[in-house]
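**Q** Before anything else, here's the structure in question.
The values are calculated or read from the model by the stated rules, or taken from the named source; none is laboratory data. Treat the numbers as computed from the prediction; the structure is a model and nothing was measured. Neighbour counts run over all protein chains shown; Cβ positions are idealised from the backbone, glycine included. SASA here: full protein model, heavy atoms, side chains in, ligands and nucleic acids out. Shrake-Rupley method; radii C 1.70, N 1.55, O 1.52, S 1.80 Å.
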Amino acid sequence: MKKFLVVAALAVVLSACTTITKVEGDQVVNGRMAIKVTEAWNKVSIPGAQQPYDMWTQEGITLDHLRIWAGIKPGEALMVVPPAQMQAGQKAPRVPTFVANMATEQIVTMFETMYAVDGSIVKVSRVEPAVFAGENGVHFEFTIARKRDDLQLLGTGWASVRKNELFAATFVAPKLTFYPRLAPKAEAIVKTAQIRG
């Protein structure tokens, strides 16, 4: 019960300063990747936490999120740890950084590391070749035991590299109810992705 109250309080604090915008139709992420959204999603922006990805949700970011990266250059990190998540005097955790000419396994490991930055336990369960955004790439699936509340999550991701830039998307949700219902909606969006330029 105590963990639930902490999570609920955190959600209230985040929602007080969070911008939520409805997205549907033709969208362009970071000016580099076009996608089509047939069913509306909510784009979430948290002030003071400018991330290198777009984050969309159906039910709220603590329950599901679709993250989309477009045009990440070598040397750029996959995420920024918001100052609000760091305790006083604590050193910022190392975040995964994209490097040119990464092997497929290294790209998948980068996302595995990103989801484990908060201390959650992440395990990749499947990796296979796939086409993403019109380029040969990888599709992967993973599980997360979220540290803050022990919630069991399922995740899936897609990534490809074009001209030494990373393009990717991941979807994560609780495995019992939200993932089976929402993962097909996320995948429908991902299938429309096309790199621009």
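**Q** I'd like to know if region 90-108 contains one or more residues that are within 25 Å of ARG181 (Cβ to Cβ), open to solvent by less than 70 Å² (accessible area, probe 1.4 Å) and either of a type in the set (Asp, Glu) or modelled with pLDDT under 95 (or both).
**A** No, region 90-108 contains no residue that is within 25 Å of ARG181 (Cβ to Cβ), open to solvent by less than 70 Å² (accessible area, probe 1.4 Å) and either of a type in the set (Asp, Glu) or modelled with pLDDT under 95 (or both).
**Q** So which residues in region 128-143 are open to solvent by less than 80 Å² (accessible area, probe 1.4 Å) and of a type in the set (A, V, I, L, M), if there are any at all?
**A** ALA130, ALA133, VAL138
**Q** Now for a separate question. Just for region 1-44: of the residues that are of a type in the set (Gly, Ala, Ser) and modelled with pLDDT of 90 or more, which one is farthest from the chain's Cα centre (by Cα)?
**A** GLY25
**Q** Let me ask you something else. When you scan region 33-54, how many residues do you find that are in a loop (DSSP other than H, G, I, E, B) and buried (at least 18 other Cβ atoms within 10 Å of the Cβ)?
**A** The total comes to 1.
**Q** Now for a separate question. From the residues in region 144-161 that are at pLDDT 95 or above and surrounded by fewer than 16 Cβ atoms within 10 Å (Cβ to Cβ), which one is nearest to LEU176 (Cα to Cα)?
**A** The extreme case among them is GLN152.
**Q** Sticking with this structure for a sec: Does THR62 satisfy being outside any strand (DSSP E or B), at pLDDT 95 or above and open to solvent by 40 Å² or more (accessible area, probe 1.4 Å)?
**A** no
**Q** Do you know which residues across region 162-182 are touching a residue at least 24 places away in the same chain (Cβ under 8 Å) and either surrounded by fewer than 19 Cβ atoms within 10 Å (Cβ to Cβ) or out of contact with any strand residue (DSSP E or B) (no Cβ under 6 Å at 6 or more places or on another chain) (or both)?
**A** ARG162, ASN164, ALA173, LYS175, LEU176, PHE178
**Q** Only residues that are at pLDDT 95 or above and among the hydroxyl-bearing types (Ser, Thr, Tyr): list them for region 162-197, please.
**A** THR170, TYR179, THR192
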